[in-house]
Each structure stands twice: as structure tokens, then as C-alpha cells.
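The values are calculated or read from the model by the stated rules, or taken from the named source; none is laboratory data. Because the structure is predicted, anything quoted here is derived from the model rather than measured. Using ideal geometry, Cβ is built from the backbone for each residue, glycine included, and neighbour counts are taken over all protein chains shown.
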Amino acid sequence: MSADRSIGGIASPRFKARVTGAVYLLYFLTAIFAEFLANHGHGSYGLAVNLISATFYVAVTILFYYLFKPVNASLSLLAAVISLVGCLITVLNLFHAAQQISPLLFFGPYCLLLGYLILRSNFVPRILGGLMVLAGLGWLTFLKLAPTSQVVPYLEGLGILAEGLLMLWLLIFGVNPQWIEQARHVGAA
């Protein structure tokens, strides 16, 4: 195994971050494909692909938990729990046409917490953290607006941009090697 993939037989932080980015990309692709299928009269297939998409987001949530645990284990766990509840709500909403709770009620705070963890870290660019905070605020604002509001496309675009840039960064660059030092510091505490 290459030096980028292994440190003492354990996957390196950079490799873990790239795997997180790859799973995040799979989430994006399956979510887009599910939307395409649903909008083109293939509801059953769209439902199946949406379930796969939700599974990828559960995996991304768990991977983000471990990635940001060295920054703040409690907040990383809280973010993961909030996201997992959002994933559960998403799946339940797929089977019940009358949505009771919007998953954005959970994904907004999840993005806020991820953004905060990125801002506190020293291994992912802080600009991505700021964008994730704005995306979280955007998703929460989205909840209060009518679907026909002229602001809605901008809020959706902001969320997609922030999450898309984070996904691309992790996929292409991984994390800064300072992650190892931050992880060691947390482990020593």
C-alpha cells in the first residue's frame, strides 16, 4: 500500500478523506439520477435509487463523524446523530406522500455543525467551512419560504455549491497533513 494510503497499516487521513469524497460523489450522482427518474415517469425506479442515495448519505455521515472527531468529538457525534435523523426522515418521506417533517430541519443544522467543525479544523480550507455555515442557514431559511419564492433557487444553489465544493476538495486533495497532529493531540487528551 502506498504512503498516501497507509500509515503503520492503518489508512491515512488523506486516503480516508478521499474515500469520504468518493462516497459523497456517489451520493450526489444517485440523488440526481433519482430526481431524473422521478421527473420522467419512473417513480418506482426513482424510489429505489433514492434509497440507495440515502444509504450513501448515511455512509458520508459516518465518514464525516470520524474525519471531524479529532476537531471536537462531541460536536462531531451531535452532527452525525442530527444527519442520521435527517436521513431517516428522508426515507420515511419517500413512503408517505404527505410529508410531516422536512429533512432540511435536520440537514440545515448538520451543515451548520460541519461548517463549524471545518472552521475549527486546520486540515480543510476554512472557506469551505464558511460556505457550509451559509448553506446550513440557507436550508433553514428555505423551510420558511414558499416553494415559488424567487429566493429558493439561490438557496438551493448555495447548498449544492457548498456541499459540492467540499466533496470535490475531499476527493481531489483529501486533508492537510496537519490532521495527523490534530488527531494525535486529541488522542493524548
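Values for this structure:
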read-out	value
Candidate set: region 139-159, residues that are assigned to a loop (DSSP other than H, G, I, E, B) and not aliphatic (A, V, I, L, M); chosen: the one modelled with the highest pLDDT	GLN150
Per-region count, region 1-38, residues part of a helix (DSSP H, G or I), at pLDDT below 90 and among the charged types (D, E, K, R)	3
Qualifying residue in region 138-156 (condition: out of contact with any Ser or Thr (no Cβ under 7 Å at 6 or more places or on another chain), closer than 24 Å to THR20 by Cβ, β-branched (Val, Ile, Thr) and free of Cβ contacts under 8 Å to residues at least 60 places away in the same chain)	no
Only one of PRO70, PRO103 that is touching a helix residue (DSSP H, G or I) at 6+ places or on another chain (Cβ under 9 Å), of a type outside the set (S, T, N, Q) and touching a residue at least 60 places away in the same chain (Cβ under 8 Å)	PRO70
Index of the failed condition, LEU92 passing every other in (1) in contact (Cβ under 8 Å) with a residue 12 or more places away in the chain; (2) outside any loop (DSSP other than H, G, I, E, B); (3) under 25 Å from THR141 (Cβ atoms)	(1)
Hits in region 95-123 - residues which are small (Gly, Ala, Ser) and part of a helix (DSSP H, G or I)	GLY108, GLY115
Single unsatisfied condition, LEU155 versus (1) within 14 Å of the chain's Cα centre (by Cα); (2) crowded, with 19+ Cβ neighbours inside 10 Å	(1)
Residue satisfying condition, being closer than 25 Å to LEU114 by Cα and among the hydrophobic types (A, V, I, L, M, F, W, C), within set LEU47, LEU26, LEU37	LEU26
Any hit, region 50-57, residues being out of contact with any His (no Cβ under 9 Å at 6 or more places or on another chain), assigned to a helix (DSSP H, G or I), aromatic (Phe, Trp, Tyr) and closer than 23 Å to GLY157 by Cβ	yes
Check on ALA162, in contact with an Asp or Glu (Cβ under 7 Å, 6 or more places away or on another chain), closer than 24 Å to VAL58 by Cα and modelled with pLDDT of 90 or more	no
Selection status of LEU77, more than 18 Å from TYR24 (Cα to Cα) and modelled with pLDDT of 95 or more	yes
Of all residues in region 35-61 being of a type outside the set (Ser, Thr, Tyr), without any contact (Cβ under 8 Å) to a residue 24 or more places away in the chain and in contact with a helix residue (DSSP H, G or I) (Cβ under 7 Å, 6 or more places away or on another chain), the one that is nearest to ALA22 (Cα to Cα)	ILE52
Filter pass, TYR45 being more than 19 Å from GLY174 (Cβ to Cβ), among the hydroxyl-bearing types (Ser, Thr, Tyr) and surrounded by fewer than 22 Cβ atoms within 10 Å (Cβ to Cβ)	yes
Of the criteria (1) surrounded by fewer than 19 Cβ atoms within 10 Å (Cβ to Cβ); (2) over 18 Å from ILE160 (Cβ atoms), which one PRO70 fails	(1)
